[in-house]
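Here the structure comes first, spelled out in structure tokens, and everything after it is commentary.
Just so it is clear, none of the values below were taken in a lab; they were calculated from the coordinates. All values reported here derive from a predicted model rather than from experimental measurement. Neighbour counts run over all protein chains shown; Cβ positions are idealised from the backbone, glycine included.
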Amino acid sequence: MSERVDRIAEKLTTDLPEDLRPFVLSVLHSRIAAHYEALHDYKHTSPAWKANSEFLKQELKNPDKEAVFQRAVILATLPKHQDEKVEWVYRWLRDNGFTMLQEDDMQDQLISLLDDPEKGAPLAQSLDQILSTDVTGVTMDTLSDNPEAFSLFAGILVCRNFYSHDRKAPMSDIRQQLSDKAIERLVDPEVQRVMALFGEISDTSELYRTRFLPWLNWITN
């Protein structure tokens with residue numbers, strides 16, 4: 001598996017900054033895992049998902065939070081690639097970007113970036129697009145074919161980070177618009193059904209239980 005990952009990574013790194021190569025490798029493991037998920041070959045999925053999860057955990061421990069944030073933004077805002085095979089990998093890379101941005105440590109930088117109309121526009125557009133994802137009919141069996149379903153899951157959680165620590169600070173227009181859209185998706189029964197699937201997967205169950213459900217319960221109760 002490692003040799004296959006290295007071969008594909010060599011083709012992808014020409015489009016990405018050198019310091020993003022670990023992200024590429026981690027997501028390629030995820031791509032391979034998704035392939036085995038579709039085959040219900042769970043013996044091979046575990047190592048690949050674990051490699052990706054472990055990388056993200058280590059990245060969050062990086063003391064250079066600004067660098068971590070910038071890498072996450074680059075991933076979350078990757079433009080669509082003309083090569084379908086590369087774009088398939090980019091779809092998983094965006095998942096990693098949104099996963100990083102929903103972390104509490106990213107909150108202040110996230111707000112600062114989005115409140116800058118010029119610099120924050122690419123991320124705002126990417127979030128707006130992912131919050132429009134149609135997950136109607138997605139099941140556990142088809143989840144691995146729909147990386148945008150997880151991007152929607154993580155994107156909703158990113159919008160949970162829009163509320164400033166200073167409760168008196170006003171919400172900017174763009175944050176308010178995205179937050180309203182996230183809440184609209186959050187209370188959609190079909191979205192809730194699909195998001196609950198992530199609560200059944202070992203690598204995402206904690207995120208679903210500790211971040212998604214509390215916000216859903218707070219909004220709906």
R0 of 45 Å, Cβ-Cβ distance K85-S205: FRET efficiency to nearest 0.05: 0.90
Net charge of neighbours whose Cβ lies under 13 Å from the Cβ of V135, counting Lys and Arg as +1 and Asp and Glu as -1: -3
Sparsely packed chymotrypsin sites (Phe, Trp or Tyr not before Pro) within segment 113-219, loop by DSSP, other Cβ within 10 Å at most 12: none
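Exposure proxy check: S202, S144 ranked by fewest other beta carbons within 10 Å? Let's see the in-between values first.
Details: S202 10, S144 19.
Sorted ascending by nearby Cβ count, the order is S202, S144.
List the pairs from K61/K168; K50/K80; K119/K181; K11/K119 whose alpha-carbon separation is above 23 Å, in the order I gave them.
Flagged as over cut-off: K61/K168; K50/K80; K11/K119.
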Largest-first principal axis extents of the Cα set of segment 89-214 (Å): 42, 29, 24
Label-point gap, in nm, between N217 and Q125 - each point 7 angstrom along Cα→Cβ: 3.9 nm
Residue exposure sequence - T136, T99, T204 - by fewest surrounding Cβ within 10 Å: T136, T204, T99
More than 15 angstrom apart: percent of Cα pairs within segment 57-127: 53 percent
